[in-house]
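Quick notes on the structure that follows.
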Amino acid sequence: MAKDALLVSYLSLSPARDTSPLVEKILVDLTQGAEDLSPDDSNELAECLIGDLAESTQQGIRNLQISLLRILSRNPACTALAQLSTLDTLLKWSAFSVDPLDSTKRTESIEARKALCNIMVQHPLARDSLVISSHLNPFLQHLTTFASVSETELTTSHDSMDHFLTLRLLFFLTLQDSPVTRNLASDTRLVPLIRHAISMDVPEMEGKEALMVLYNLQRLVPDTSNPFTPLVPRLVDLIINTPPATLASPEPSGGIHAVHSLIHPMDTEAWPDMPKLIRLCDRLIEALDLLLQAFDTTTATTPLRPRIDERITPITLLLTRLVDAWPTLRTHVSSSLLPPRRDLSIAPEVGESLDSRLIRLLTAVGTEVRSHTVADLLYSLCHQDAKRFTERIGFGNAAGHLTRLGLDPKDALPTASSSSSSSSPHPPPTTSSAPSPLGIDPITGKTQSMSDIPSTDDWTEEEKEREAERLFVLFERLKATGVVQVENPVSRIHEISDEEDK
């Protein structure tokens with residue numbers, strides 16, 4: 001029977017669908033062709049199914065109806081499923097307290113929750129309705145039941161799909177800021193549920209979902225009171241046990257979700273001891289190194305570039321948080337990310353070292369968020385000292401960040417002599433045949449020598465005049481924009497030349 005005829009047949013059976021022997025066969029056939037229905041037919045069928053499910057139907061028929069709704073929920077054109085009445089009905093039949101030994105009811109419950117999750121993905125506006133659904137309380141009670149049992153009991157009665165769908169619905173629910181979600185965020189009874197879900201012997205998909213829920217909940221709690229602080233040791237272990245390549249992968253891993261969760265303020269007393277914190281920093285630096293290598297192989301238009309930025313940002317944020325909280329970690333991280341410069345003859349951002357590649361990110365084309373977080377990290381490694389920051393990475397690289405902080409970059413501009421003495425404790429040796437150094441250029445952050453100054457001995461008078469005019473115009477523009485407020489030196493040169501001609 002053609003799908004159009006099947007649809008007409010099902011719709012024509014009302015109101016006697018429960019007792020008709022054809023209903024089950026029609027529903028099975030409709031399920032096989034539901035994805036090919038037109039938007040109008042999909043919406044008409046969805047409204048009919050929701051109306052039937054709102055009433056009492058036979059369990060076998062109800063299973064087929066819910067399964068058909070689950071298939072229709074994949075279609076973004078099926079807008080009838082985004083209505084509050086649909087969410088109420090599906091929450092009603094989700095039966096969160098179903099006995100896991102009752103396979104029929106369990107299948108019904110799983111299918112209803114899958115349909116709800118699909119609707120949340122295809123129709124984001126429906127998430128607002130989920131918060132106010134009249135059937136949300138059974139779901140919240142289900143969470144309380146989960147959280148009230150011990151982790152041993154959770155492991156014994158573990159149902160991966162049940163837990164996963166519960167966490168997935170909780171994820172969509174906590175995307176909204178409402179009194180309901182704020183109460184959830186402050187409920188310490190959720191800690192055991194999340195702790196169990198991110199343990200090493202639980203499927204990864206469940207752990208990822210729990211970590212995304214944790215991130216949402218932490219956004220809703222005040223900085224002064226984070227009930228999820230007891231999870232810090234497990235989150236740290238999760239990152240340390242994640243290979244650097246997995247942390248740096250474009251595909252989100254449990255480790256990178258743990259990084260996101262640790263960015264939120266939590267009591268430092270809950271963090272592990274210093275040796276483990278050092279291991280945490282080392283793992284983050286290893287992942288950052290891989291990301292910087294990948295960054296250098298892409299361009300601003302490469303599709304992979306935004307994914308790399310998405311990984312660099314949380315890792316640098318967490319490193320900044322760690323070095324700000326523990327001075328010992330600042331010293332340790334600085335030795336890898338911002339060590340003393342060995343070769344002052346090249347600019348800080350030039351080269352393939354880890355610190356050079358990191359400094360290049362400050363001016364590379366890409367997201368502002370990434371460049372800001374990298375600058376924050378480098379600034380923290382310089383003890384948040386503007387002059388030290390400028391001396392170490394160069395005025396051109398530092399000026400943008402200092403301006404963003406509300407500081408005047410000119411105040412942080414070091415003199416050549418101070419830069420020469422403080423930029424590196426181990427200046428490179430010079431030989432008698434090398435050009436004599438003139439100190440460190442505070443703008444470029446590298447040493448100057450006589451060979452860097454172009455010779456004008458072989459210039460003609462016309463070439464000198466053109467260069468003087470170019471410099472004169474440049475200084476006038478700088479004065480007009482307020483960058484410098486000094487007498488144009490080219491004017492003075494012209495006056496001296498005129499006096500000599502006389």
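Taken together, the values in this text are just the output of simple stated rules run on the coordinates, not laboratory data. No experiment lies behind these values; they were computed from the predicted model shown. Ideal geometry is used to build each Cβ from the backbone, glycine not excepted, and the neighbour counts take in all protein chains shown.
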Taking R0 as 56 Å, what's the FRET efficiency between S160 and H383 from their Cβ-Cβ distance, rounded to 0.05? 0.70
Strictly over 21 Å apart at the Cα level, which of K276/K387; K114/K208; K410/K464 would you flag in this model? K276/K387; K410/K464
With labels modelled as points extended 7 Å from the Cα through the Cβ direction, what inter-label distance (nm, one decimal) is found for E44 paired with K479? 8.1 nm
Suppose each label sits 7 Å from its Cα in the direction of the beta carbon; what would the N137-S336 distance come out to in nanometres? 5.2 nm
Taking amide H atoms as placed 1.01 Å from N in the peptide plane, list the residues 5 or more away in sequence, or in a different chain, whose amide H sits under 5 Å from that of S345. T447
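For V8 and D411, compute 0.36 nm times the residue count separating them, minus their Cα-Cα distance, and round to one decimal in nm.
Extending this stretch completely gives an extra 137.2 nm.
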Rank by packing, highest mean first: peptides 167-176, 305-314, with packing defined as the count of other Cβ atoms within 10 Å averaged across residues. 167-176, 305-314
Using θ = phi - 60° and Karplus 6.51 cos²θ - 1.76 cosθ + 1.60, couplings along segment 460-469 (whole Hz; Gly, Pro as x): 7, 4, 5, 5, 5, 5, 5, 5, 5, 5
Tell me, in nm to one decimal, what length is gained between E286 and T302 on full extension, where the rule is 0.36 nm per residue of separation less the Cα-Cα distance? 3.4 nm
